[in-house]
Amino acid sequence: MDPAPKPRPAWREPMVWLLVAIPGLAVLASVILLVMAERSSGNNDLVPDEVARTGQAQVADIGPAQRAQALNLGAVVRVSASGVDVLPTVAGFDRTRPLELHLAHPLQATQDRSLQLQPSALGWHADADIDTSHDWNVRLQPQDGAWRLDGRWPRGQQAVFVHPAVPGA
């Protein structure tokens, strides 16, 4: 009679490797995701407004957008070789005061830009080079924040229409 075969060591069995490798890879992937989340910089919120968290709801101040709607404001923001221009579409703007243009990158807050636009012959102008290879969230407002116009600038476009971002607008 032949003696019983000698059992192989556990480290030579493929099933043991599967039982160890799959949970091990899951733990490693979790650690990598946690490190990446910790290292991400800036605000990752889509809306750059200050919000109050009440219960389970976030409440943002829409007063400036409502004032812009009451004034019937709208404008076109365009980029050209000479810089950035804002062209009003109605006559309700105070053309003597400078404006602030905020360009928020939809994914990386470190690429956000703010420009001070000075009154010009056609509207307002700032010497700046804007990267149009990706989308931007656009906000236009006076320095005192009395009103606010918002828009989304799709990549590759040279201009965007900004308007009050309130329900029913």
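The values are calculated or read from the model by the stated rules, or taken from the named source; none is laboratory data. For clarity, every value in this text was computed on a predicted model and none was experimentally measured. Cβ coordinates were reconstructed from backbone atoms using ideal geometry, including for glycine residues, and neighbour counts include every protein chain displayed. Calculation scope for accessible area: heavy atoms of the full protein, side chains included, ligands and nucleic acids excluded. Shrake-Rupley method; radii C 1.70, N 1.55, O 1.52, S 1.80 Å.
Looking at region 74-86, is at least one residue part of a loop (DSSP other than H, G, I, E, B), touching a Phe, Trp or Tyr at 6+ places or on another chain (Cβ under 9 Å) and of a type in the set (A, V, I, L, M, F, W, C)?
no
In region 5-17, how many residues are among the hydrophobic types (A, V, I, L, M, F, W, C), at pLDDT 85 or above and either open to solvent by 90 Å² or more (accessible area, probe 1.4 Å) or over 47 Å from the mean Cα position of the chain (by Cα) (or both)? Before the answer, list the steps.
Filtering region 5-17 down to residues among the hydrophobic types (A, V, I, L, M, F, W, C) leaves 10-11, 15-17.
When the remaining residues are screened for being at pLDDT 85 or above, the result is 15-17.
When the remaining residues are screened for being either open to solvent by 90 Å² or more (accessible area, probe 1.4 Å) or over 47 Å from the mean Cα position of the chain (by Cα) (or both), the result is 15, 17.
Of the residues in region 5-17, 2 are among the hydrophobic types (A, V, I, L, M, F, W, C), at pLDDT 85 or above and either open to solvent by 90 Å² or more (accessible area, probe 1.4 Å) or over 47 Å from the mean Cα position of the chain (by Cα) (or both).
Out of Leu103, Leu99, Leu87, Leu122, which single residue is within 16 Å of Asp144 (Cβ to Cβ) and in contact (Cβ under 8 Å) with a residue 12 or more places away in the chain?
Checking each option against the conditions leaves just Leu99.
Does region 83-93 contain at least one residue that is open to solvent by 20 Å² or more (accessible area, probe 1.4 Å), within 19 Å of the chain's Cα centre (by Cα) and over 30 Å from Arg39 (Cβ atoms)?
no
Which one is least open to solvent (accessible area, probe 1.4 Å), of the residues in region 114-131 that are modelled with pLDDT under 90 and within 17 Å of Val162 (Cα to Cα)?
Among them, the one singled out is Ile130.
Pairs needed: first member in region 60-82, over 21 Å from Pro119 (Cα atoms); second member anywhere, modelled with pLDDT under 90 and of a type in the set (Asp, Glu); C-beta distance under 6 Å; at least 6 residues apart or different chains.
These pairs meet every condition: Ala60/Asp49.
Only residues that are charged (D, E, K, R) and in contact (Cβ under 8 Å) with a residue 12 or more places away in the chain: list them for region 132-169, please. Give the derivation first.
Residues of region 132-169 that are charged (D, E, K, R), as a first pass: 135, 139, 144, 148, 150, 152, 155.
Asp135, Arg139, Arg148, Asp150, Arg152, Arg155, listed by residue number.
Determine if region 32-42 includes at least one residue that is at pLDDT below 85, outside any loop (DSSP other than H, G, I, E, B), farther than 29 Å from Thr132 by Cα and open to solvent by less than 70 Å² (accessible area, probe 1.4 Å).
no
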